[in-house]
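Contents: one structure, followed by commentary.
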Ligand code: ADP
């Protein structure tokens with residue numbers, strides 16, 4: 001832009017200056033997405049897909065038209081958690097997301113593969129290209145909120161996705177063990193470099209509540225969530241317990257039936 005002074009903090013345009021010289025990808029002309037929130041983690045297996053799913057379920061329950069873009073191409077868990085298996089179909093105007101039982105729109109590479117158990121052995125550039133196409137070529141109809149289940153880590157693929165898609169905010173998912181490492185700091189710094197606010201830190205597998213005596217046990221050590229969040233100036237936190245109901249619901253494709261209040265405040269903040 002001719003008036004650009006390269007001070008992104010005083011301007012909301014998605015121009016190349018904001019994203020390190022890369023223009024944001026445009027949506028399909030029939031699509032509309034009001035808000036985009038990326039869910040990130042330092043490594044796989046900490047519960048990023050579970051948190052993405054729970055956030056989407058809660059947003060849909062709050063009456064918002066909700067979408068999930070599954071960018072975790074090599075470890076896609078979203079279709080499984082929602083029990084969605086029908087193939088995504090294309091048309092002249094683009095391809096249509098699959099719909100969950102409660103009407104959440106979902107796009108995942110797993111719903112395009114001939115055999116959903118096939119591994120995706122692709123180079124990073126191809127993975128990033130596929131994620132961009134999920135954004136540009138899908139028909140995202142009147143979405144109030146879209147959650148992106150990001151690839152884990154702060155490498156090349158997440159970086160390209162952040163630079164190419166207009167992400168409004170980031171949710172960082174960690175486990176108690178990870179909180180003591182540099183993973184949160186790396187994610188916070190990456191968000192800062194992209195000028196994207198960190199909306200909340202979610203500590204998954206935070207504690208275990210004994211069903212017999214009700215006692216709380218810190219299997220991976222006492223939580224340092226509040227201390228770490230304060231250190232990075234993040235004012236919204238949530239803790240999710242270790243609970244077999246999450247794993248069972250994901251395995252059975254019934255995540256939409258899970259009742260859990262852990263993320264209600266985070267969703268309220270996202271929808272603010
Ligand atoms: P990621 O997306 O970070 O790789 P997932 O969300 O796929 O991780 O979670 C990995 C596995 O751990 C899944 O089988 C999931 O059901 C299980 N899981 C995640 N969080 C919890 C939890 N709080 N309690 C019990 N099981 C969990």
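Some points to look at:
- Scan of region 218-245 for residues that are part of a helix (DSSP H, G or I), touching a residue at least 40 places away in the same chain (Cβ under 8 Å) and more than 18 Å from residue 177 (Cβ to Cβ), ordered by number: none
- Selection status of residue 67, closer than 26 Å to residue 266 by Cα, more than 16 Å from the ligand (Cβ to nearest atom) and without any contact (Cβ under 8 Å) to a residue 24 or more places away in the chain: no
Let's see how each residue does on (1) under 18 Å from the mean Cα position of the chain (by Cα); (2) at pLDDT 95 or above:
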site: 72; (1), (2): yes, no
site: 82; (1), (2): yes, yes
site: 85; (1), (2): no, no
site: 92; (1), (2): no, no
site: 102; (1), (2): no, yes
site: 120; (1), (2): no, no
site: 124; (1), (2): no, no
site: 136; (1), (2): yes, yes
site: 139; (1), (2): no, yes
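- Restricted to region 198-208, and to residues there that are assigned to a strand (DSSP E or B) and within 11 Å of the ligand (Cβ to nearest atom), the residue that is nearest to residue 178 (Cα to Cα) is 203.
- Residue within region 13-21 that is within 16 Å of the ligand (Cβ to nearest atom), surrounded by fewer than 21 Cβ atoms within 10 Å (Cβ to Cβ) and at pLDDT below 95 present: no
- Filtering region 97-107 to residues that are crowded, with 21+ Cβ neighbours inside 10 Å and part of a loop (DSSP other than H, G, I, E, B) leaves 97, 100, 104.
- Complete set of residues in region 137-151 that are touching a helix residue (DSSP H, G or I) at 6+ places or on another chain (Cβ under 6 Å) and within 24 Å of residue 44 (Cβ to Cβ): 147, 149, 150, 151
- Residues satisfying the stated conditions in region 43-64, i.e. away from the ligand (no atom under 12 Å from the Cβ) and not in a helix (DSSP H, G or I): 62, 63, 64
- Every residue from region 138-162 that is surrounded by fewer than 16 Cβ atoms within 10 Å (Cβ to Cβ) and not in a loop (DSSP other than H, G, I, E, B): 156
- Put simply, of 257, 263 the only residue that is within 12 Å of the ligand (Cβ to nearest atom) and surrounded by 12 or more Cβ atoms within 10 Å (Cβ to Cβ) is 263.
- Taking the criterion of being in a helix (DSSP H, G or I) and farther than 24 Å from residue 211 by Cα, the residues of region 246-272 that qualify are 265, 266, 267, 268, 269, 270, 271.
- Meets criteria (crowded, with 20+ Cβ neighbours inside 10 Å, away from the ligand (no atom under 16 Å from the Cβ) and over 24 Å from residue 91 (Cα atoms)) for residue 167: yes
- Number of residues in region 108-137 that are within 16 Å of the ligand (Cβ to nearest atom), in a loop (DSSP other than H, G, I, E, B) and in contact (Cβ under 8 Å) with a residue 40 or more places away in the chain: the value is 2.
- Residue 115 under 29 Å from residue 246 (Cβ atoms) and surrounded by fewer than 13 Cβ atoms within 10 Å (Cβ to Cβ): yes
The values are calculated or read from the model by the stated rules, or taken from the named source; none is laboratory data. None of these values were measured; they are calculated from a predicted model. Note: ideal-geometry Cβ built from the backbone for every residue, glycine included; neighbour counts use all protein chains shown.
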